[in-house]
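Below: one structure, written as structure tokens.
The values are calculated or read from the model by the stated rules, or taken from the named source; none is laboratory data. Given the structure is predicted, the values throughout are model-derived calculations rather than measurements. Because the Cβ atoms are built from the backbone with ideal geometry, glycine has one as well, and the counts that use them run over all protein chains shown. Note: areas computed on protein heavy atoms with side chains; ligands, DNA, RNA excluded. Shrake-Rupley method; radii C 1.70, N 1.55, O 1.52, S 1.80 Å.
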Amino acid sequence: MPSSGLESMCKMLIVASDTIIISVTKEQVKFSIICDTGAIDYTFVQRTVPADKPEDETVIQMHETMEPVSMMVDLEYLKVFTKATLLSKTVTLKFCPDDNLVVVYQIPRFGFLKFCMPKE
């Protein structure tokens, strides 16, 4: 997914909540918060055709037998992770079997930055 999309979403949602719920299905990734004034959802839908720019493409890869995943994470940590947005145009969110969220930024010609956050 576009790293700039994750960064701007985190900046806007941190004002309203400390935690965020990330829900993943085969078709979409949804970021949700519940605050005093209601609920806010941001949804990134998988694109079936390639985007004009590959860095704008949202790709969701799930194992065939995997059920939809939902995890509550600390939005403050996720916002800190997005400081790597300047280094990479894309970000990968991985949900590990041991209930961790792994945020990966691929850096051309250098490798990658990987941040790991345990489930709350």
Query raised in the report: loosely packed, with under 15 Cβ neighbours inside 10 Å, more than 13 Å from the chain's Cα centre (by Cα) and not in a helix (DSSP H, G or I): does that describe ILE40?
Result: no
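This table checks each residue for (1) in contact with a helix residue (DSSP H, G or I) (Cβ under 7 Å, 6 or more places away or on another chain); (2) not basic (Lys, Arg).
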residue: PRO2; (1), (2): yes, yes
residue: LEU6; (1), (2): yes, yes
residue: ILE14; (1), (2): yes, yes
residue: LYS26; (1), (2): no, no
residue: ILE33; (1), (2): yes, yes
residue: THR43; (1), (2): no, yes
residue: PRO54; (1), (2): no, yes
residue: VAL59; (1), (2): no, yes
Requested in this report: Might you check whether a residue that is at pLDDT below 80 and either of a type in the set (A, V, I, L, M, F, W, C) or open to solvent by less than 50 Å² (accessible area, probe 1.4 Å) (or both) occurs anywhere in the range 65-88?
Outcome: yes
**Report entry** Criterion (surrounded by 12 or more Cβ atoms within 10 Å (Cβ to Cβ) and either touching a Leu at 6+ places or on another chain (Cβ under 6 Å) or at pLDDT below 75 (or both)) met by exactly one of LYS119, LYS94, LYS114
**Finding:** LYS119
Report summary line: Checked the range 1-19 for anything among the hydrophobic types (A, V, I, L, M, F, W, C) and either farther than 26 Å from LYS53 by Cβ or in a loop (DSSP other than H, G, I, E, B) (or both); matches are MET1, ILE14, VAL15, ALA16
